[in-house]
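Worksheet: one structure, shown below.
Rule-based calculations on the coordinates, nothing more; no lab input. Everything numeric here is computed off the predicted structure, so don't read it as measured data. Every residue, glycine among them, receives a Cβ derived from its backbone with ideal geometry; neighbour counts consider all protein chains shown.
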Amino acid sequence: MLLRSLTLQDFGAYRGSHTLDLTTSPEKPIVLIGGLNGCGKTTLLDAIQLVLYGARARCSGRGNRPYEAYLRESINRKADPAKGASIALEFTITVDNEERLYKLHRSWKTSGKTLNEFTTVLIDGKVDPVAGQNWADYVEDLLPLEVASLFFFDGEKIESLADPERAATVIESAVQSLLGVNTIEQLRSDLLGLQRRHRLTNEDQKVIDRIHELQEELDQAVQQIDDAKQLEGAKRNALDKAQKDLVAANHAFEKEGGELFQQRTALDNESKAVAKQLAQAEEALRHDIAAGALPLLLVRPQIEEIREQTLREKEAAEAKQVVDALEKRDTWFQELLSEFLSEETRNSVLKKLAEDRERRRESSVTPQILGVSEKTFNQLTALDSVLEHERQRAQAALAQAQELRQRQETLDRMLGAVPQEDAIAKRLADRDRAVRKVALLEAELNAASEHLVAIQRHHENLKSELEHALKGRLRSIEKAERSARIIAYSDRYRDTLDKFKKAVLQHHINRLEVAVLDSFNRLMRKSGLVRDLRINTADKFRLTLVDSEGEELDPSRLSAGERQLLAISLLWGLARVAGNWLPSVIDTPLGRLDSKHREHLVERYFPQASHQVLLLSTDEEIDEPLLKKLRPAIAHMYTLEHDETTFTTSVAGGYWWTGGTAHVA
């Protein structure tokens, strides 16, 4: 992989558009970028990682901020947030001996509270929408993030790689991904997946196993059906006997008066209730009905005579009043007739009238014996209906009382026939036991019948499934044979790959031990400080240093500069073993190192660290003497110029002490 160019548009401190030509050659693999602290060197390293990995990028300027907040703050403060910022990276990758040109463009802008991010990928000058939409997965095939972190690093921060635990993690990750060991493991996993798929789809074996299971279950079901039938028959026989025992117990219980005994309390309560009702009925007859008008029924003929005499006296009085009125009328009429009729006619009429008065006077002649008033007469008239009502009440009360007496006599006879408790206790206990036994056996028989039905249903289901399985077995025999061959060959291939992986891993580890030790000794000014270096794959790739006396050397005994060189040696050794196929981007490459170690890095490491090396240095790191030593390997030089008034950075050609020359011949 080779970087061609990097273009920043309003990103971080870089106002406007800035493009760095990063093309190199085997003879001149270095691009030197100078800048004082705070001018934006680390921003360039962040830009390369951000454009490649987006939210997964390990940008030093991001910290713990959310990705969206980081992008917002990465837009230059002088730029319009609505237009946003962008990063474009051009690089080439050789695939199947054919070089392909990629241009990756990542931009983002704000719209109110919303931030929109866009990723565009051009391959050989043509937009590839699939790669753009799936770039996060796509870049992992081109340059895995874990691998990139070994080649894009801050020189001042890699000292931690000298720690054995941290170094072991880096070595394991690099060996697995950078040196292709994980490819072998992936092949083993793929073969295992193939075996699993064929085992899972091995219908014949599954069907055969299921046939055996079904046959065993079917045999068990047949036996269970026989057992269930026997159990049901036994329960039914037992129930029949218990029911006969219950009939006999009931008969003996009834013969001893058991029914009456059970009704004793109810009979006693009813007897008391009837006695109470009878007493109430008799009390009503004595104090309610007999104390009223009912006794008058005894003198009803006399009352009738009184009523008739009173009626006659009333009618006589009324007739006398009529006669008196007629006498007055006839006197007036006689005077009136004397004027109009003859004496003979008048006398005839008067005679008729006199006869009528006499007849009426005779009917009104009744001796006044009682002299009853009008009110009393009305009461006598109404007395008949009252007495009739009282008679009916008395008859109903007497009938009720008679019925209650008869019921009480019946209850007394029944209570008299109730046997004593001690005489009926045994019969009652026998009957209760018989009732409980029948109920228990009925429940057990129901359960046995339900169990038999369930077993029979299960038996039918098993028969149906067995028939289906037998049919399926015929279809799966051919597949089973093919799957068996695949599984057998896969086992052999996986064993071979496992041995091959161990051999490849040990081969790479041996080469890596030599390369890291050689790199460290070439960079160290103390010759012989470390005589040997070992990487123990059995102990999680732990890195061990051995001193000149053959003793294990604790990395903490090294100086800060020596630990930084050890970390650089580890990365350099990995790059050398991997074939230097990735570019190295090193920020602050010479921090914490003394002059001798700096010379070793400039002379021995940077020109050979990779086929492309980007150095982000201050003027105190790559100073004028070191620049002279490094200059033959430099393809491009740039200086980052920072404007303290606008707080913006621009990219200028050349480096300090080069007089502004943009490109070194």
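Listing for the model above:
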read-out	value
Chain lengthening between R58 and R522 when straightened (0.36 nm per residue, less Cα-Cα)	164.0 nm
Whole-Hz couplings from phi, Karplus 6.51/-1.76/1.60, listed for the stretch 61-68; x for Gly and Pro	x, 7, x, 9, 6, x, 4, 5
Förster radius 56 Å - calculated FRET efficiency between E172 and Q215, Cβ distance, rounded to 0.05	0.60
Separation of the S111 and K502 label points, Cα + 7 Å toward Cβ, nm	6.0
Neighbourhood net charge (11 Å Cβ-Cβ; Lys/Arg +1, Asp/Glu -1) for A434	+4
Highest average packing first - 560-573, 32-45, 137-150, 454-467, Cβ atoms within 10 Å	560-573, 32-45, 137-150, 454-467
Net length gained if the chain between S149 and E282 were fully extended (0.36 nm per residue, minus Cα distance)	36.1 nm
Charge context of V577, other residues only, Cβ under 12 angstrom, K/R +1, D/E -1	0
Local electrostatic count, A79, Cβ distance below 11 Å [Lys/Arg +1, Asp/Glu -1]	+3
Under 16 Å between alpha carbons - lysine pairs in the stretch 1-143 that sit 8 or more apart or on different chains	4
Electrostatic dipole magnitude of the stretch 114-155 [Cβ: Lys, Arg +1; Asp, Glu -1; Cα centre; debye, to 20]	160
